[in-house]
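Reading through the structure tokens given below for one structure.
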Amino acid sequence: MSAIKSKDKKVYNAIRNEVKRQNDNLELIASENYATEAVLEAQGSVLTNKYAEGYPQKRWYGGCEHVDTVESLAIERAKKVYKAEHANVQPHSGSSANMAVLFSQLKFGDKVLAMNLACGGHLTHGHPLNFSGKYFTIIPYSVDRKTEKLDYDNILYLAKKHRPKLLIAGASAYSRTIDAKKLRSICDKTHTMLMVDMAHIAGLVAAGYHPNPTPYAEFVTSTTHKTLCGPRSGFILCKNEFAKSIDYMVFPGLQGGPLMHIIAAKAVAFKEAQTDRFKKKQLQTIKNAKALSDELKRLGYRVVSGGTDNHMLLVDVFISRGVTGKEASAALDKARITVNKNLIPYDTRSPFVTSGIRLGSPALTTRGMKESQMRKIARLIDMVLSDISNKKKIKEVREAVSELTKRFPIYKGRKLS
Ligand SMILES: *Cc1c(COP(=O)(O)O)cnc(C)c1O
């Protein structure tokens with residue numbers, strides 16, 4: 001960081017402060033993780049200098065021989081990891097991956113059956129302020145009120161009733177397994193195409209700890225920076241028959257030049273996802289989420305759907321401790337425990353207030369923490385939430401957090417600033 005340190009003190013200082021924040025805080029945001037050092041190196045490389053509109057061997061610019069190597073590696077590795085027929089690794093983010101699928105396969109106004117935001121769906125699955133909600137007719141499905149799990153019978157009922165062109169599955173706040181095989185059978189009955197957005201669970205899927213949706217869905221979209229531990233970006237997998245329409249929509253339909261440095265980082269991440277080390281970490285991520293969930297339950301918290309099968313859980317903090325999600329996350333922030341407020345299914349509070357918080361284990365697992373640390377963190381969370389205005393308690397928790405973060409450095413032995 002010596003060049004930026006001498007050339008731009010303000011940006012340098014902000015980055016250094018962020019390094020410190022990441023080191024000092026317990027990161028429980030379910031969508032966050034720490035990219036590996038190899039991923040960071042690829043992202044910071046001179047590949048950022050290269051224009052490469054088009055696809056490998058079919059570029060609009062000269063001098064693409066090396067970035068072609070990089071993109072071809074990313075494509076082949078993505079296909080191998082997820083057993084996909086075709087991969088497009090150019091989308092800049094999860095949202096742009098979803099946009100490419102919707103814009104390439106649907107006409108404006110077409111019906112899309114998608115998970116209700118309040119039940120865990122994503123903005124790009126039909127929020128009225130998002131392109132998905134603006135340009136398509138969204139039919140929302142919810143989780144079952146009692147079990148708080150996906151209600152496949154109800155999805156089938158809605159699919160038969162509305163005959164949507166596309167069914168979107170996948171979520172930002174759903175702690176249970178998504179059964180793509182069942183969704184496939186629903187879609188087959190109603191001539192509906194299936195898109196599974198595995199943004200959150202891509203790492204678990206790569207490691208084999210969540211069933212792979214790729215054999216069952218026409219389209220699988222994802223981010224690369226959540227459980228997958230790659231750069232902040234996205235990609236699309238699809239059946240061969242849709243390869244052309246997807247590729248054309250990504251470029252030239254929606255994007256210009258691909259971010260070749262980020263594509264290099266994606267190639268690295270897909271390689272790392274095949275290692276035993278990665279697989280072990282994904283298993284530990286699930287074990288850690290379960291340990292966190294079990295300990296919170298033992299302390300009397302209501303965990304939405306009664307637990308978790310994956311890397312995250314939703315906690316109904318209002319019914320458990322009489323605080324809103326907003327108050328809970330603000331109090332935990334003061335103790336250097338980072339979470340986000342989140343709607344719970346059928347929440348009666350607004351998205352700005354909420355009755356719940358969402359907790360995820362990926363980042364802390366990447367730091368090397370295990371079940372005993374998770375149980376300890378559950379107790380620290382409880383200390384804060386049981387008395388959110390008690391400054392002495394919060395200070396005590398902050399000290400315990402500091403002890404933990406010092407024991408589990410993010411990038412061991414490497415200075416990032
Ligand atoms: C995070 C997420 C996305 C969007 O990813 P961005 O890279 O932030 O655009 C899309 N879908 C789901 C289900 C997500 O959780």
Worksheet, complete the sentence: All conditions in (1) touching a residue at least 40 places away in the same chain (Cβ under 8 Å); (2) within 21 Å of Ala42 (Cβ to Cβ) are true of Arg277 except (1)
Worksheet item: How many residues does region 306-339 hold that are surrounded by 21 or more Cβ atoms within 10 Å (Cβ to Cβ) and within 17 Å of the chain's Cα centre (by Cα)?
Response: 7
Response to the item:
Subset of region 51-98, residues free of Cβ contacts under 8 Å to residues at least 40 places away in the same chain, part of a helix (DSSP H, G or I) and not polar (S, T, N, Q), comes to Glu65, His66, Asp68, Ile75, Glu76
Worksheet item: Just one of Glu32, Glu41 is away from the ligand (no atom under 16 Å from the Cβ), out of contact with any Phe, Trp or Tyr (no Cβ under 6 Å at 6 or more places or on another chain) and not β-branched (Val, Ile, Thr); which is it?
Response: Glu41
Worksheet item: In region 207-248, what residues are assigned to a helix (DSSP H, G or I) and either surrounded by 23 or more Cβ atoms within 10 Å (Cβ to Cβ) or modelled with pLDDT under 95 (or both)?
Response: Ala207, Ile246
Discussion item. So Gln105 passes all but one of these: (1) within 16 Å of the ligand (Cβ to nearest atom); (2) in contact (Cβ under 8 Å) with a residue 60 or more places away in the chain. Which condition number does it fail?
Written reply: (1)
Item to complete: Considering each of Ser175, Ser93 in turn, give the residue that is in contact with a strand residue (DSSP E or B) (Cβ under 7 Å, 6 or more places away or on another chain), crowded, with 24+ Cβ neighbours inside 10 Å and of a type outside the set (A, V, I, L, M, F, W, C).
Response: Ser175
Worksheet item: All but one of (1) farther than 23 Å from Cys238 by Cα; (2) open to solvent by 10 Å² or more (accessible area, probe 1.4 Å); (3) touching a Leu at 6+ places or on another chain (Cβ under 6 Å) hold for Lys149; which doesn't?
Response: (3)
Worksheet entry | Only one of Asp333, Asp294 that is without any contact (Cβ under 8 Å) to a residue 12 or more places away in the chain, assigned to a helix (DSSP H, G or I) and closer than 26 Å to Glu403 by Cβ | Asp333
Practice prompt. Tell me, yes or no, whether region 45-61 has at least one residue that is out of contact with any His (no Cβ under 7 Å at 6 or more places or on another chain) and under 30 Å from Lys279 (Cβ atoms).
Written response: yes
Worksheet, complete the sentence: When (1) within 14 Å of the ligand (Cβ to nearest atom); (2) surrounded by 24 or more Cβ atoms within 10 Å (Cβ to Cβ) are applied to Leu254, the one that fails is (2)
Practice prompt. State all residues of region 122-131 that are under 19 Å from Leu158 (Cα atoms) and more than 10 Å from the ligand (Cβ to nearest atom); if no residue qualifies, say none.
Written response: Gly126, His127
Worksheet item: What are the residues in region 19-51 that are open to solvent by 60 Å² or more (accessible area, probe 1.4 Å) and more than 28 Å from Lys271 (Cα to Cα), if any?
Response: Lys20, Arg21
Worksheet item: Among the residues of region 290-311, which ones are in contact with a Gly (Cβ under 6 Å, 6 or more places away or on another chain) and of a type outside the set (S, T, N, Q)?
Response: His311
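Residues are listed down the side, and each one gets a yes or a no for (1) open to solvent by 10 Å² or more (accessible area, probe 1.4 Å); (2) farther than 27 Å from Ile357 by Cβ; (3) within 16 Å of the ligand (Cβ to nearest atom); (4) over 26 Å from the mean Cα position of the chain (by Cα):
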| site | (1), (2), (3), (4) |
| --- | --- |
| Asp144 | yes, no, no, no |
| Ala159 | no, yes, no, yes |
| Asp179 | yes, no, no, no |
| Leu183 | no, yes, yes, no |
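The values are calculated or read from the model by the stated rules, or taken from the named source; none is laboratory data. Small disclaimer: the values here were computed from a predicted structure and weren't measured. Using ideal geometry, Cβ is built from the backbone for each residue, glycine included, and neighbour counts are taken over all protein chains shown. These accessible areas exclude ligands, DNA and RNA; they are computed on the full protein's heavy atoms, side chains included. Shrake-Rupley method; radii C 1.70, N 1.55, O 1.52, S 1.80 Å.
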